[in-house]
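The values are calculated or read from the model by the stated rules, or taken from the named source; none is laboratory data. Predicted, not measured: the structure shown is a model, and the values here were computed from it. We place every Cβ from the backbone using ideal geometry, glycine too, and count neighbours over all the protein chains shown. Heads up: the accessible areas ignore ligands, DNA and RNA and are worked out on the full protein's heavy atoms, side chains in. Shrake-Rupley method; radii C 1.70, N 1.55, O 1.52, S 1.80 Å.
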Amino acid sequence: MNKELLKELCALNGISGDENKVRKYIIDKIKDNCEYRVDNLGNIIVFKKGRKKTDKKIMISAHMDEVGMIVTSVKSDGTITVSAVGGVDAGVVIGRNVSIGDKSIPGVIGSKAVHNLSAEEKKKAAEFSSLYVDIGTKSKDETEKLVSLGNSVCFASEYFEFGDGYVCGKAIDDRFGCAVMIELINSDIEYDCTFAFVVQEEIGLRGARVAAYSINPDFAIVLESTTAADIPQVSGEKRCCELGKGPVVSYMDRSAIYDKELYAMSQKAAEDNNLLWQTKTTVAGGNDSGAIHISRGGVRTIAISIPCRYLHSPSCVAKLSDMEASAELAKIMIERICGL
């Protein structure tokens, strides 16, 4: 795993529907090693010629977008109201630094102070309707010179490495998958492949639905990040999956039941190559597989995910060894599927 590539991808701002900076970066990285086009929704569809042709059309997919917020109004005192874009818990954003719009206006998510909350309010989970963004202005007119309704609001958090091979940062979901695909496109791959860097996964798998229809693949491999709950006070099956135990290959989630032959193949591929692997111990979450596997006449689909703590927050935590094993498993699976 190219750590610098991952760091640069995670630093880019690109919430659902506003992936332009991520798209430009990816195109700059791959343009000399493939054929590509950008569709009407903003997906990057890439054809990479391999050493061998195959009669099986395979789609490798990862999403460019991240969760965040969007500006919905400006108040008379200059503060900004926002709504969530994707599955963001209001409780994890309070007090966080954010970056607003193309001008990257800095701000802080504010809320009513604890000592001012009523007894009833203290019992309730935070809601976006009770939050605001403070950008250091004093009036509506002053704020409107800097910010417009519909501007993206992205987490402004530092990417760093810590502990025994851990990384922390925003948007690891799913800039990890994008990084793997960039490396594959820039390498000498065994078989012809079509790659899709898709948009708007976090708000309903929209880009993947369009890309899969256009590509019309026989098989698909979705590269993703998935929630790990290997944290204190969580035990047994509720931990779902754990960092350091390799890629997560699911048999089912809330959007898809995965192809059983591919599920078994992925396990054997990992074991044959001495790679750690795991599956989820709960049926939870979902990813672009949900849209891809039911496209047109159906697509045989598998997802290879990295376990990630604190998903959809400014501080996602993942482990480099899981990333490296996931990237290796994806490469092996491409070769085994095309060799069927």
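Take residue 252 and residue 230, extend 7 Å from each Cα along the Cα→Cβ direction, and tell me the distance between the two endpoints in nm.
Roughly 2.5 nm, to one decimal.
If you place +1 on the Cβ of every Lys and Arg, -1 on the Cβ of every Asp and Glu, and leave all else neutral, what size is the dipole of the chain about its Cα centre, to the nearest 20 Debye?
Numbers: 42 positive and 47 negative charges, 82 e Å.
It works out to roughly 400 debye.
Give me the extension gain from residue 149 to residue 283: residue separation times 0.36 nm, minus the current Cα-Cα distance, reported in nm with one decimal. Walk me through the intermediate numbers first.
On the way: separation 134, 0.36 × 134 = 48.24 nm, distance 3.76 nm.
Separation in residues times 0.36 nm, less the Cα-Cα distance, equals 44.5 nm.
Per DSSP H run of n ≥ 4, the term is -39500 (n - 2.57); total these for the chain, divide by its residue number, and report the mean residue ellipticity at 222 nm rounded to 500 deg cm²/dmol.
When only DSSP H runs of four or more count, the value is -8000 deg cm²/dmol.
Separation of the stretch 207-281 and the stretch 168-195 by C-alpha centroid, Å?
16
Return the aspartates and glutamates within reach of residue 280: Cα separation strictly under 13 angstrom, same-chain partners fewer than 8 residues apart disregarded; answer none if there are no such residues.
230, 237, 242, 253
Taking loop as defined by DSSP and a crowding limit of 10 other beta carbons within 10 Å, which trypsin sites (Lys or Arg not before Pro) in the stretch 174-270 fit?
254
For Cα pairs less than 8 Å apart in space and 6+ apart in sequence, what is the mean separation divided by the residue count of the chain, i.e. the relative contact order in percent?
Result for the chain is 23 percent.
Looking at 232, 263, 244, which one has the Cα that reaches farthest to the positive end of the dipole of the stretch 231-280 (charges on Cβ: Lys, Arg +1; Asp, Glu -1)?
Working it through, the farthest residue towards the positive pole turns out to be 232.
Go through 22-31, 318-327, 303-312 and give me the packing order, highest mean Cβ count within 10 Å leading.
Going by the mean number of other Cβ atoms within 10 Å, highest first, we get 303-312, 318-327, 22-31.
Quote to one decimal, in nm, the extra length available between residue 216 and residue 164 on full extension: 0.36 nm per residue of separation minus the C-alpha distance between them.
14.6 nm
By the scheme Lys and Arg +1, Asp and Glu -1, what is the net charge of all other residues having a beta-carbon under 10 Å from that of residue 196?
-2
Tell me which lysines have Cα within less than 19 Å of residue 53's Cα, excluding those fewer than 8 residues away on the same chain?
Here the lysines satisfying the reach criterion relative to residue 53 are 331.
Just how much of residue 134 is accessible, in Å², when a 1.4 Å probe is used and the result is rounded to the nearest 10?
70
Can you tell me the orientation of helix 172-185 relative to the chain, as the angle in degrees between its alpha-carbon axis and the longest Cα principal axis, to the nearest 10?
Once rounded, one gets 40 degrees.
Amide H to amide H under 5 Å from residue 226: which residues, 5+ apart in sequence or cross-chain, H placed 1.01 Å off N in plane?
Amide H to amide H, under 5 Å and 5 or more residues apart or across chains, residue 226 pairs with 306, 308.
Please report, as a whole percent, how much of the solvent-accessible surface of the chain comes from carbon and sulfur atoms (probe radius 1.4 Å). If you can, show how the numbers build up before the last one.
On the way: 7340 of 15060 Å².
Roughly 49 percent of what the probe reaches on the chain is carbon or sulfur.
Cα axis of helix 260-272 to longest principal axis of the chain: angle in degrees, 0 to 90, nearest 10?
Taking the Cα atoms of the chain, the angle to 260-272 is about 80 degrees.
Can you give the accessible area per residue of the chain, in Å², using a 1.4 Å probe?
For the chain, the per-residue accessible area is 44 Å².
Beyond 16 Å, how much of the Cα-Cα pair distribution for the stretch 165-248 remains, as a whole percent?
Within the stretch 165-248, distances greater than 16 Å cover 65 percent of Cα pairs.
Can you tell me the alpha carbon radius of gyration of the stretch 209-312 divided by the globular rule-of-thumb value 2.2 N^0.38 Å?
Working it through for the stretch 209-312, the quotient is 1.10.
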